[in-house]
1. Looking at Val79 and the list (1) under 26 Å from the mean Cα position of the chain (by Cα); (2) under 28 Å from Glu219 (Cα atoms); (3) not charged (D, E, K, R), which single condition is not satisfied?
2. Which of the residues that make up the range 487-529 are farther than 26 Å from Gly134 by Cβ and not in a loop (DSSP other than H, G, I, E, B)?
3. List pairs: first residue in the range 507-530 and touching a residue at least 60 places away in the same chain (Cβ under 8 Å), second residue among the acidic types (Asp, Glu) and in a loop (DSSP other than H, G, I, E, B) anywhere in the structure, Cβ distance under 9 angstrom, at least six positions apart or on different chains.
4. Among (1) touching a Pro at 6+ places or on another chain (Cβ under 7 Å); (2) of a type in the set (Val, Ile, Thr); (3) over 20 Å from Leu95 (Cα atoms), there is one condition Val187 misses while meeting the rest; what is its number?
5. Taking Ala280 as the residue in question, decide whether it is crowded, with 19+ Cβ neighbours inside 10 Å and either under 25 Å from the mean Cα position of the chain (by Cα) or within 23 Å of Val220 (Cβ to Cβ) (or both).
6. Out of all the residues in the range 394-417, which are crowded, with 17+ Cβ neighbours inside 10 Å and either at pLDDT below 95 or not in a loop (DSSP other than H, G, I, E, B) (or both)?
7. Pick from Gly195, Gly148, Gly158: which is on the phi > 0 side of the Ramachandran plot and either within 15 Å of the ligand (Cβ to nearest atom) or among the charged types (D, E, K, R) (or both)?
8. Are there any pairs with C-beta distances below 9 angstrom linking a residue in the range 252-276 that is in contact (Cβ under 8 Å) with a residue 60 or more places away in the chain and at positive phi to a residue that is hydroxyl-bearing (Ser, Thr, Tyr) and not in a helix (DSSP H, G or I), with the two at least 6 apart or on different chains, and if so which?
Amino acid sequence: MLDGCTPWPAEFAARYRAAGYWTGETFGDFLTDRARRFADRVAVVGAGQRWTYAELDARAAATATGLARLGVAAGDRVVVQLPNVPELLEVVFALFRLGALPVYALPAHRAGEVAHLCTTTRASALVVADRHGGFDYRAMAEQLRARGDAPDLVLVAGEAGGLTPLAEARAAQADPSVFTRPDPADVAFFQLSGGTTGLPKLIPRTHDDYLYSVRASAEVCALGTDTVYLAALPAVHNFPMSSPGFLGVLHAGGTVVLASDPSPKTALALIETERVTITAVVPPIALLWLDAVEHGTQHDRDLSSLRVLQVGGAKFAPEAARRVRPVLGCTLQQVFGMAEGLVNYTRLDDPEDIATTTQGRPLSPADEIRIVDDADRPVPDGEVGHLLTRGPYTIRGYYRADEHNATAFTADGFYRTGDLVRRTPTGHLVVEGRAKDQINRGGEKVSAEEVENHILAHPAVHDAAVVGMSDPYLGERVCAYVIARTEPPSRGELLRFLRERGLATYKIPDRVEFVERFPATGVGKVSRRELRRELARRLDTTR
Ligand code: OOB
């Protein structure tokens, strides 16, 4: 396995192969095989384009050839930061053809995160869009390149300005002699962790492990050639990528429709016109859709094609969950997953009360679940504890992170999810809270420590503590408590400072409180719990 990654112990790998979970297929094989079987079916629709499986395959081969000529080789890492455009699929399958490794950045990431990804993985290329959501990625890429924080080779989907247009990288004729078939047990790509530490961690996923989760997810979600999946969330996130996501849909021979944004106006129109059968959203988007259909602007949309609405990424309140069937006329599937691996689903035939009140049960019979107390002892069944997990598609370690891995995993290889759960008698998990220093802002994960480090870099700041504050729409928002050195900076000045440091937009604090001191725990650490309580009291009195 790639240097800096933790392999599964040999006996586990042997077991997963013997059970048929790891099949030895690679992502390159995957597209070749689908293109052969489903050649003339439509694979992807988006940004005014409509490509069949054969076209997607041909484009991936031509782009792989062009990228090889530009110097991209087997084993190279390439940071891919694209919104939901068909070129995203073309580029990642081109990289798979070459045996190169995509490193996925979210469209919301800014210079800070992208620089970190490029430098930690020593990327040999960066692929961005021209503009998206009002942001110019070319300017960001040029700025990073000038600082030596991005590779020389920057490819742009769209208007390239002074950079290399992706269209130019596409060779006129594919040359299969440049293709490489990697070891299926090796890393295929990197996902990004929501994180609890100062810097986002990289998650190495192998062909074997990830393709298993894709296949099994496609089965649990009953996908077939008649499936039309709407990718409304950013497609590089694990949920719309593989749970079952666009990869699950390609596995089954269905059609992937890419939405530029998940607003009710854009997404519900696509459901109607493309006859979408299944889609995936985070809870705040589900709420927007429910309101828009029930009382709002989208009440006369024909959503009769929609069979399944998947909701996950953050806790979906049962009251909202119960509205899905009556308002949208489809089955709700809750999905509780993580980029590190484990994904739980409510099953499509689960009774309504289970679908609306639990976050599902593990995808695989080989997923091992432990629910433990603070000392790692199992809690009695039905009680709340820390969720630990191990299995055929859950990583054994983050990339180049020995120190962090020592605490993020148990000695026997269980991943500490940081989630507090209980198990129902039916074997379903209910997420009851979180023990990790992470804020879940409507499905977007914010590491408290990462934001604190950025605030601490401000010359007028003495100390900072970042906590989540409860929010009726997003579930949580980000609040920064700050102790100033002498004269506090203005709130606007501090936020501008954070933006200029290149922090993703969703990590910028929604609220800043200047205080004299922080409450302390028994041993003198900052008590985030006390800060959250204090914040709740403050919000209560200002309401
Ligand atoms: C998904 O992946 P990540 O890596 O962005 O975040 C994982 C974390 C979990 O550890 C948990 O804290 C939270 O997000 N989470 C949920 C949840 N789904 C995820 N908390 C409560 N209820 C849920 N349904 O978010 C992700 C990856 C694959 C599929 C779906 C979601």
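1. (2)
2. Passing the criteria: Glu513, Phe514, Ala520, Val526, Arg528, Arg529.
3. Correct list of pairs: Arg528/Asp437.
4. Condition (3) is where Val187 drops out.
5. Spelling it out, Ala280 is indeed crowded, with 19+ Cβ neighbours inside 10 Å and either under 25 Å from the mean Cα position of the chain (by Cα) or within 23 Å of Val220 (Cβ to Cβ) (or both).
6. His404, Asn405, Ala408, Phe409, Tyr415, Arg416, Thr417
7. Gly195
8. Matching pairs, first to second residue: Gly253/Thr225; Gly253/Thr227.
The values are calculated or read from the model by the stated rules, or taken from the named source; none is laboratory data. The model shown is predicted, which means the values in this text are computed figures rather than measured ones. All Cβ positions, even for glycine, are placed from backbone atoms using ideal geometry, and neighbour counts span all protein chains on display.
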